[in-house]
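Below you'll find the structure, written out as structure tokens, and then a few comments.
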Amino acid sequence: MTALAEQLPRIFQANLDRLFVRVIQPTMDALMLHPVLEQGEAASMSEFLDRAAAQVDNYTANEAAKSFVLTLAGVFERQLSIWTTATGLTDLAKLRGFQEQLLAGAQYASLDLAIDDLGAEINEMFTVANVVRHGEGPSCEGLRVMAPALWDNTAADYIDLVPGPRRPSETLRIRRNDLVRYVRATTRFWGRADPLPMAVTNPPYWLS
């Protein structure tokens, strides 16, 4: 392994950590969230407007969370491409696409993607990003099978504000714990691919 390829996993892990700790986590913590959205006939116009504002608050927080998944997936995909190129994997295997690069990189670094559901959570993150980007389609259908917990039609804290027929991609729910799972998986990947001394193989991100 070249000196550059040896350094990249640690750099990438640190960059993802800074993105999460300095940008994603503070932003999500600052957004207003209401545990229950009141429905039914409002007693006054003031109450009606407060309920509408609460619906918009929760919808906006979910949109922000989905956008942050798209950001994490995009950063990790770019990092993975740089690393596989530096290690020579891209040229040797003529890899095409995220999945091939992930599997080849894991094999190269002797990573077992089944441990801690590492591969499953990275793949889920990437599929969520595709759904956020494209809406309905094969990725959305696959995600509903892969991660049905990301949909909850009985949730009391979310109302789809998009008019017209209810679309699965618009009712996809991303919560803080999902963002934690995704940053934990991506930083674990880089920590376990890191060949240098004192690698952080289990970054301290905890589910609430």
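Rank these residues by their accessible area, most exposed first, probe 1.4 Å: 180, 200.
Details: 180 0, 200 70 Å².
Per-residue accessible area, sorted high to low, gives 200, 180.
What percent of all Cα-Cα pairs in the chain falls into each 5 Å bin, going from 0 up to the bin containing the maximum distance?
With 5 Å bins starting at 0, P(r) equals 1, 7, 14, 17, 17, 14, 10, 7, 5, 3, 2, 1, 1, 0.
Rounded to whole Hz and in sequence order, give me ³J(HN,Hα) for region 51-63 from the Karplus expression 6.51 cos²θ - 1.76 cosθ + 1.60, θ = phi - 60°, writing x for Gly and Pro.
5, 5, 5, 5, 4, 5, 4, 5, 5, 5, 4, 5, 4
What's the longest bit of the chain with no exposed trypsin sites (Lys or Arg not before Pro), using DSSP loop states and at most 13 other Cβ atoms within 10 Å as the test? Mind dumping the intermediate values first?
On the way: sites that count: 94, 96, 166.
The segment 1-93 is the longest one with no such site.
Quantify, in whole percent, the carbon and sulfur part of the accessible surface of region 1-113 (1.4 Å probe; protein heavy atoms only).
Values: 3600 of 6380 Å².
Carbon and sulfur together cover 56 percent of it.
Work out which chymotrypsin sites (Phe, Trp or Tyr not before Pro) in the chain are exposed loop sites (DSSP not H, G, I, E or B, at most 16 other Cβ within 10 Å) and give the longest gap free of them. If you can, show how the numbers build up before the last one.
Working: sites that count: 151, 206.
My reading of the result: 1-150 is the longest stretch.
Skip the ligands, DNA and RNA, and give the accessible area per residue of the chain with a 1.4 Å probe, whole Å². Each step should come with its number before you reach the end.
Working: 11140 Å² over 208 residues.
Per-residue accessible area for the chain comes out at 54 Å².
The values are calculated or read from the model by the stated rules, or taken from the named source; none is laboratory data. If you're wondering where the values come from, they're calculated on a predicted model, not measured in any experiment. Cβ coordinates were reconstructed from backbone atoms using ideal geometry, including for glycine residues, and neighbour counts include every protein chain displayed. Surface accessibility is based on the protein's heavy atoms, side chains included, excluding ligands, DNA and RNA. Shrake-Rupley method; radii C 1.70, N 1.55, O 1.52, S 1.80 Å.
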